[in-house]
Amino acid sequence: AQMGATRPQPNLQRMIKQRSVWSLIGIAKAIALPFGVAVASALAWLVLRWWKTPTMYYQVHRVQKLNASDPSAMERFFQSFHGRVPVVIEDALALWPAMQWTVATLTARCPAAQLPVYTYDLAATDWAALRDAGEMVLSQYLAEEFGHGAEPRNGARYGLEMSLRNECPVLLEDVRIPAFFTDDLLVRYYKKAAWPTLIVGPRGSRSGLHRDTHDLPFWMALFNGRKHWRIFAANDQALEAHYRPERNGFAFDPFQPDFWKHPDLAFATPYDHILEAGQLLYIPNGAPHGAYNIDDTIAISGNYLDTRSLDRHYNTTCSQPLWQDSKLCWAYEHEFARHKTPQAQDLKELNFFRFSGFAGSAEWCR
């Protein structure tokens with residue numbers, strides 16, 4: 001029911017609850033005789049509370065899809081999705097060499113790469129509810145964490161944000177920057193940016209619900225496995241009471257909310273999608289999101305900032321105490337202001353080196 005785009009029908013749920021309520025009323029009457037009215041009243045209160053507690057989000061949206069080969073895809077992306085709602089872009093990755101990445105190829109091509117690893121803990125105060133578990137050699141991580149069969153393991157470690165250009169630049173030959181995201185101010189002016197990064201996660205690993213650094217928009221290209229995503233609108237009011245600014249995230253599980261403890265979460269409206277290998281996902285500025293790895297997964301991702309997002313960046317993100325002193329909120333205003341917004345039809349897919357302002361890999365390496 002939670003996969004639908006409309007309010008779930010509660011009829012079956014209500015029928016089950018009605019039968020249970022009448023059973024519990026009978027128990028309450030039986031209890032009232034030997035134990036008194038107080039105990040029966042307490043039980044009646046619990047029954048009423050249980051009856052009123054939601055068991056699911058009242059509304060869940062499917063993430064819409066966009067075909068990259070459609071001649072109007074660029075125009076549609078900027079008119080309907082950019083800065084508004086998430087979208088899955090299909091037919092964008094088929095020709096990327098990275099679609100052939102496997103555990104064996106990553107192990108062979110990146111023998112010394114260091115991968116930051118994390119473990120999920122909803123009680124943690126860390127970003128995305130991920131406790132820092134140090135760094136591992138990528139090949140060791142893949143050997144230990146991948147290939148454990150159909151059952152998810154408790155404590156599975158999630159490998160996140162390994163900079164390709166720093167740890168395994170040979171992989172940059174295999175990836176592209178999708179046309180939708182090539183008007184990136186960060187790669188031109190903010191030289192600290194390390195994207196795109198490698199994200200690898202075994203079955204059962206996950207992140208908590210969070211916003212990305214500086215509430216930047218986000219894209220992911222998935223090459224292996226499946227990821228279950230829950231994404232919320234940036235201004236979803238039902239989430240605000242659960243926001244934790246110290247981690248730029250939220251103190252509840254978006255996949256299995258505790259509705260008994262937080263019944264207000266039923267009014268939140270997630271976008272739900274299982275991302276398949278070969279699909280490209282876009283998440284707009286400030287949209288809270290969390291991911292669960294259904295399979296062993298291999299992907300790359302990137303945050304970016306384009307001219308069409310600048311108004312929101314300055315007027316919303318940079319007004320927050322968390323970010324208002326960041327250099328990204330004031331140090332690059334002159335450079336950003338000089339940058340002209342390209343027409344949608346002029347944006348083209350680029351290899352990493354041209355995207356970074358170089359003729360090719362040889363010039364970039366020098």
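The values are calculated or read from the model by the stated rules, or taken from the named source; none is laboratory data. This structure is a prediction, so every number in the text was calculated from the model and none was measured. Every residue, glycine as well, gets a Cβ built from its backbone with ideal geometry; the counts of neighbours run over all protein chains shown. The protein model used for the area step is the full one, side chains on, heavy atoms only, and it has no ligands, DNA or RNA in it. Shrake-Rupley method; radii C 1.70, N 1.55, O 1.52, S 1.80 Å.
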Exercise. Which shape class applies to segment 141-264: rounded if a/c is under 1.5, otherwise prolate when a/b exceeds b/c and oblate if not, where a ≥ b ≥ c are the square roots of the Cα gyration tensor eigenvalues?
Worked result: oblate
For this session: Quickly estimate the mean residue ellipticity at 222 nm for the chain, helices only: each DSSP H run with n ≥ 4 gives -39500 (n - 2.57), and the total goes over all residues, rounded to 500.
Result: -6500 deg cm²/dmol
Exercise. Which sequence of MET74, MET162 reflects their accessible areas, 1.4 Å probe, from the largest down?
Worked result: MET74, MET162
Problem set entry | Inter-label distance, nm, simple model (7 Å from Cα along the C-beta direction), LYS261/LEU95 | 5.0
Problem set entry | For segment 43-193: rounded, prolate or oblate by the Cα gyration tensor [a/c cutoff 1.5] | oblate
Exercise. By how many nm would the segment from LYS52 to ALA108 grow when fully extended, if each residue of separation counts as 0.36 nm and the alpha-carbon distance is taken off?
Worked result: 14.6 nm
Seminar exercise, completed: To the nearest 0.05, the calculated FRET efficiency linking LYS340 and CYS365 through their beta-carbon distance, R0 being 25 Å, is 0.25
Exercise. Considering only protein heavy atoms, what per residue accessible area in square angstrom results for the chain with a 1.4 angstrom probe?
Worked result: 48
Problem set entry | In Å², nearest 10: area of ARG153 left accessible to a 1.4 Å probe | 80
Exercise. Local charge sum around GLN345 (other residues, Cβ-Cβ under 14 Å, Lys/Arg +1, Asp/Glu -1)?
Worked result: -3
Exercise. Nearest 0.05, what FRET efficiency do ASN67 and ARG188 give at R0 = 41 Å with Cβ-Cβ as r?
Worked result: 0.90
Seminar exercise, completed: A 1.4 Å probe over the protein heavy atoms gives the chain a carbon and sulfur accessible-area percentage of 54
Exercise. How far apart, in nm, are the 7 Å Cα→Cβ label points at HIS228 and GLN59?
Worked result: 2.3
Problem set entry | Kyte-Doolittle at least 0.0, axis length at least 18 Å by Cα - qualifying DSSP helices, the chain | 11-35, 37-52
For this session: Work out the FRET efficiency for GLU240 and ALA133 from their Cβ-Cβ distance, taking R0 = 25 Å, and round it to the nearest 0.05.
Result: 0.25
Problem set entry | Under 12 Å, Cβ to Cβ, from GLN114 - net charge with Lys/Arg +1 and Asp/Glu -1 | -3
Problem set entry | Environment charge at ASP70 (Cβ cut-off 11 Å; Lys +1, Arg +1, Asp -1, Glu -1) | -1
Seminar exercise, completed: Percent of all Cα-Cα pairs per 10 Å bin for the chain, counting from 0 up to the last occupied bin, reads 5, 21, 30, 24, 11, 6, 3, 1, 0
Exercise. Tell me, which cysteines of the chain are without a disulfide-compatible partner by the Cβ under 4.7 Å rule?
Worked result: CYS365
Seminar exercise, completed: With the 8 Å Cα cutoff and a minimum separation of six or more residues, the chain has a relative contact order in percent of 22
For this session: Find how many whole Å separate the alpha carbon centroid of segment 120-182 from the alpha carbon centroid of segment 196-248.
Result: 14
